[in-house]
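**Student:** What follows is a single structure, and I will ask about it in a moment.
The values are calculated or read from the model by the stated rules, or taken from the named source; none is laboratory data. Please read all numbers here as calculations on a predicted model, not as lab measurements. Cβ atoms come from the backbone with ideal geometry, glycine included; neighbour counts cover every protein chain shown. Each accessible area value is taken on the protein alone, full model and side chains, heavy atoms only, with ligands, DNA and RNA left out. Shrake-Rupley method; radii C 1.70, N 1.55, O 1.52, S 1.80 Å.
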Amino acid sequence: MTSKGLTDIDGIRVGHVSDFEALTGCTAILCERGAVAGVSVQGGASGSEELETMSPWHITPVVHAVVLAGGSAFGLEAASGVRRYLEQKGVGFPTGFAKVPIVPAAILYDLGIGKASVRPTREMGEAAAAAATAGPVAEGCVGAGAGATVGKLYGMRQAMKSGIGACTVDAGAACPGVQVSALVAVNSFGDVRDVETGRLIAGARVAPDSMELAGTLRRFRDQPPAPPRIGNTTLAVVATNARLTKVQATRVAFLAHHGFVRAIEPVHTTMDGDLCIALSLGTADAPLDVLGAAAAEAVARAITRAVKLARTLGGVPGLAGSGAAA
């Protein structure tokens, strides 16, 4: 495994903009030369735009960026700023009269922490794109993960802080040089499990003044709560330097959800908008199932990192305490 995260894949740059007062933000994932993309939505409360551009039936062959944002549906505005940034650079799908950047976007709900009236804007999206680099991806409470939380069975007072995690894995000895990387913004209703130890490490707590975990899945089954007013959603982007068609990228996005299942419980609920976007940039060949397995591993590990690197913010405790996210 390597340490840069999604930018281990040549052709990808990542930038964050974070509002640490309002506790919200957005993340721009740029692939300006174009990436073949697919998407799989498994949660019951997703918020998104331009996902249809990744359909095999859609005329556009590639996407030029992906935007993840807080702010619920209001945060979709950030994608307009990324489009404006790319248009100014001459990046986009040629239509004959203008180049139109193809920028799918997905949002998570972070209005229950910080300031609900402040959401990612077009200007924040443009700033995130301008800040994008090929360096190591910043993790923890940044970008779309600035206001992310996990374990909301009993509401925000007993939840824990989360954020963004990243991980890259090698596809395996049979596919030398092939990598699959993941960036995940974790804002789940459920708890998060350390995939290395199998132990729950973050989620709903038994009391506001306790760090003891309640065990959402067991308690949820024994006594289901009233429909919570606090939204959720975990957003993942996986990328590979293997060559994929749109159909194959869609399959990798679907298989990557196995990483959600390993690391979050319960997952893909009607209260979560969980989705995964897969990006292909490269010419290497690799079996589709091998890529899917690697994507699931990268996603699971990235989810674990998202909570381990989250610091306490907005009165919601994080595993990283009050120190800076690594």
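**Student:** So which of Thr133, Thr149, Thr197 ends up being under 30 Å from Ala293 (Cβ atoms), hydroxyl-bearing (Ser, Thr, Tyr), in contact (Cβ under 8 Å) with a residue 12 or more places away in the chain and surrounded by fewer than 24 Cβ atoms within 10 Å (Cβ to Cβ)?
**Tutor:** The conditions single out Thr133.
**Student:** Restricting to segment 272-293, give me the number of residues that are more than 22 Å from Pro104 (Cβ to Cβ) and either buried (at least 21 other Cβ atoms within 10 Å of the Cβ) or in contact with a Ser or Thr (Cβ under 7 Å, 6 or more places away or on another chain) (or both).
**Tutor:** Count: 1.
**Student:** Right, something else. Return a yes/no flag: does segment 78-94 have any residue that is at pLDDT 95 or above and under 21 Å from Glu21 (Cβ atoms).
**Tutor:** Yes, some residue in segment 78-94 is at pLDDT 95 or above and under 21 Å from Glu21 (Cβ atoms).
**Student:** Okay, next question. Is at least one residue of segment 156-164 without any contact (Cβ under 8 Å) to a residue 24 or more places away in the chain, in a helix (DSSP H, G or I) and not aliphatic (A, V, I, L, M)?
**Tutor:** No: segment 156-164 contains no residue that is without any contact (Cβ under 8 Å) to a residue 24 or more places away in the chain, in a helix (DSSP H, G or I) and not aliphatic (A, V, I, L, M).
**Student:** While we're on this one: Would you say Val100 is open to solvent by less than 30 Å² (accessible area, probe 1.4 Å) and among the hydrophobic types (A, V, I, L, M, F, W, C)?
**Tutor:** So Val100 fails the test.
**Student:** To continue, here is another question. Suppose we filter segment 232-259 for residues that are surrounded by fewer than 24 Cβ atoms within 10 Å (Cβ to Cβ), under 21 Å from Val186 (Cα atoms) and in contact with a helix residue (DSSP H, G or I) (Cβ under 6 Å, 6 or more places away or on another chain); how many remain?
**Tutor:** Residues meeting the conditions: 2.
**Student:** Pick out the one residue from Leu76, Leu86, Leu68 that is in contact with a His (Cβ under 6 Å, 6 or more places away or on another chain) and either within 11 Å of Cys26 (Cα to Cα) or without any contact (Cβ under 8 Å) to a residue 60 or more places away in the chain (or both).
**Tutor:** Within the list Leu76, Leu86, Leu68, the selection yields Leu86.
**Student:** Picking from Glu52, Glu21, Glu32, which residue would you name as being assigned to a loop (DSSP other than H, G, I, E, B) and open to solvent by 40 Å² or more (accessible area, probe 1.4 Å)?
**Tutor:** Glu21
For every residue, the table says whether it meets (1) modelled with pLDDT under 95; (2) in a loop (DSSP other than H, G, I, E, B); (3) under 17 Å from the mean Cα position of the chain (by Cα).
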{"residue": "Val192", "(1), (2), (3)": "no, no, yes"}
{"residue": "Gly198", "(1), (2), (3)": "yes, yes, no"}
{"residue": "Arg219", "(1), (2), (3)": "yes, no, no"}
{"residue": "Ala226", "(1), (2), (3)": "yes, yes, no"}
{"residue": "Val238", "(1), (2), (3)": "no, no, yes"}
{"residue": "Gln248", "(1), (2), (3)": "no, no, no"}
